[in-house]
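The values are calculated or read from the model by the stated rules, or taken from the named source; none is laboratory data. Worth saying up front: this structure is predicted, and the values here are computed from it rather than measured. Please note: Cβ atoms are built from the backbone with ideal geometry, for glycine as well, and neighbour counts cover all protein chains shown. Accessible surface areas use protein heavy atoms only, side chains included; no ligands, DNA or RNA. Shrake-Rupley method; radii C 1.70, N 1.55, O 1.52, S 1.80 Å.
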Amino acid sequence: MFLSNERDRATGETGSLESVEHAMKRVKDRRMYERYQALYLHLKGYSPEHISDIQNRHVKTIKSHIKAFEEGGLDALKMDFSPGAPPRLTEGQLETLVQIINNRSPKRGGYSSGGKWTLQAIATCIEREFGYRYSLRGVSKLVERHAILKDSRSSRKTKY
């Protein structure tokens, strides 16, 4: 067992193993637990390849967790969001979409038979204008993430 007065071989600091153990015990998010577990195993002397076998993760993922920890400590492992796939729409396309929504009615644009912008109408607009198909959930996230309906339309209790 790694004693608290011994020096951590990865960072040169004392108590790193204990801080990782403590973080593992208090974290609720499964993904963060796995990252802490990877560090714990690394600090115990396991190779990144062995850790990747244990966790069923790619060895590059394990090495990136280790590198982040070595460069910035436990806080460097925290993610504000899941990176996921790169965005489909460019910033310019998003600006164009906002202009369409703000300056046209969905009926006039041929995106919907109604007068309000719905998720379905926005999805149809994106597909026709930019060639990308979005699910209604994807459109909802896009609208929320980029505050697309932030003008007076959103204050009218629009259902979307």
Of the accessible area of the range 50-140, with the probe set at 1.4 angstrom, what percent is carbon plus sulfur?
-> 47
With a cut-off of at most 10 other beta carbons within 10 Å, and DSSP calling the residue loop, which chymotrypsin sites (Phe, Trp or Tyr not before Pro) in the range 26-81 qualify? Please list them.
-> PHE81
Trypsin sites (Lys or Arg not before Pro), restricted to the range 90-132: which are DSSP loop and have at most 12 other Cβ atoms within 10 Å?
-> ARG108
Gain upon complete extension [ARG137, LYS44; 0.36 nm per residue less C-alpha separation] = 29.2 nm
Can you work out the FRET efficiency for the pair VAL59 and ARG128, with r the C-beta to C-beta distance and R0 = 41 Å, to the nearest 0.05?
-> 0.40
Stretch ASN103-GLN120 to full length: gain in nm at 0.36 nm per residue minus the Cα-Cα span?
-> 4.3 nm
Using the 2.2 N^0.38 Å rule of thumb for compact globular proteins, work out how the range 41-121 stacks up: its C-alpha Rg over that value, please.
-> 1.95
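Counting other Cβ atoms within 10 Å, which chymotrypsin sites (Phe, Trp or Tyr not before Pro) in the range 107-142 have at most 15 and lie in a DSSP loop? Walk me through the numbers before you get to the answer.
On the way: sites: TYR111, TRP117, PHE130, TYR132, TYR134; in loops: TYR111, TRP117, TYR132, TYR134.
Filter output for the range 107-142: TYR132.
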For each pair in LYS67/LYS141; LYS28/LYS63; LYS116/LYS141; LYS28/LYS78, compute the distance between the two Cα atoms and list the pairs where it is over 20 Å.
-> LYS67/LYS141; LYS28/LYS63
